Amino acid sequence: QMTPVLEMLEDVADRFSFQMQERGIKPTLFVANGVDSVWIDRDQIDQVLDNLFSNAMKYTPEDGTIAMEARIMEDKMLAISLQDNGIGIPRKDLDRIFERFYRVDKARSRNMGGTGLGLSIAREIVRAHGGTISLQSELGSGTRVTFTLPLQEQGGDGR
Ligand code: ATP
Ligand code: MG
């Protein structure tokens, strides 16, 4: 369905507002000029956003920040990114991070809960929408995940 991007991102932050307050984490939201609505399966993209947001929460210490951003790329794709200033991911793990059940270093993940499926499911959903997802991270300074979604309405009349 046609979904207003600003509202969708505000809603994600709202779903985590209690947890964020408890941990002193501050969210920021930036939606660039020209970003309006996007044609998506809202439930599925909410699942992607919840996955990414909960990762950012889990791996960001007290008083961190989580920044969400939406902008339009040259190729008529919408790009949504979530950036945290948490513990980051070691370079050697970056290649495998989207694999099913892959989790960085069992020790640090053990008491965090989770199965290691979040990112692989997020990638499946984004790809099914015709987009891509990528992750950049620096150990000790933070992680940014960006995914794209086509802005043109798909299918319908076969065009
Ligand atoms: P699940 O999402 O199934 O509850 P999970 O969060 O461990 O479990 P993924 O979301 O697939 O699984 O993430 C895989 C691994 O990538 C995590 O275990 C964690 O080590 C690392 N990771 C993901 N996001 C971040 C982040 N924002 N900061 C630091 N590490 C991260
Ligand atoms: Mg996860």
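For this structure, a couple of remarks:
- Within the stretch 46-61, residues that are within 10 Å of ligand 2 (Cβ to nearest atom) have Cβ atoms under 7 Å from residues that are small (Gly, Ala, Ser) in these pairs: 51/118; 51/122; 52/122; 55/118; 56/86; 59/86, counting only partners at least 6 apart in sequence or on another chain.
- Count of the stretch 84-99 residues which are closer than 22 Å to residue 148 by Cα, open to solvent by 60 Å² or more (accessible area, probe 1.4 Å), in contact (Cβ under 8 Å) with a residue 12 or more places away in the chain and more than 9 Å from ligand 1 (Cβ to nearest atom): 1
- Residues that are within 16 Å of ligand 2 (Cβ to nearest atom) and among the charged types (D, E, K, R) were ranked within the stretch 115-145; the one that is most open to solvent (accessible area, probe 1.4 Å) is 124.
- Test: residue in the stretch 138-145 that is among the polar types (S, T, N, Q), at pLDDT 95 or above and within 23 Å of residue 68 (Cα to Cα): yes
Listed here are the residues, each with its yes/no results for (1) more than 10 Å from ligand 1 (Cβ to nearest atom); (2) touching a Leu at 6+ places or on another chain (Cβ under 9 Å); (3) at pLDDT 95 or above; (4) among the charged types (D, E, K, R).
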position: 117; (1), (2), (3), (4): no, no, no, no
position: 126; (1), (2), (3), (4): yes, yes, yes, no
position: 129; (1), (2), (3), (4): yes, yes, yes, no
position: 134; (1), (2), (3), (4): yes, no, yes, no
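- Within the stretch 43-67, the set of residues being open to solvent by 40 Å² or more (accessible area, probe 1.4 Å) and either under 20 Å from residue 7 (Cα atoms) or more than 10 Å from ligand 1 (Cβ to nearest atom) (or both) comprises 43, 44, 47, 50, 61, 62, 63, 65.
- When residues of the stretch 30-42 are limited to those that are surrounded by 14 or more Cβ atoms within 10 Å (Cβ to Cβ) and aliphatic (A, V, I, L, M), the one nearest to ligand 2 (Cβ to nearest atom): 40
The values are calculated or read from the model by the stated rules, or taken from the named source; none is laboratory data. Given the structure is predicted, the values throughout are model-derived calculations rather than measurements. Cβ atoms come from the backbone with ideal geometry, glycine included; neighbour counts cover every protein chain shown. The area values use the complete protein model at the heavy-atom level, side chains included, leaving out ligands, DNA and RNA. Shrake-Rupley method; radii C 1.70, N 1.55, O 1.52, S 1.80 Å.
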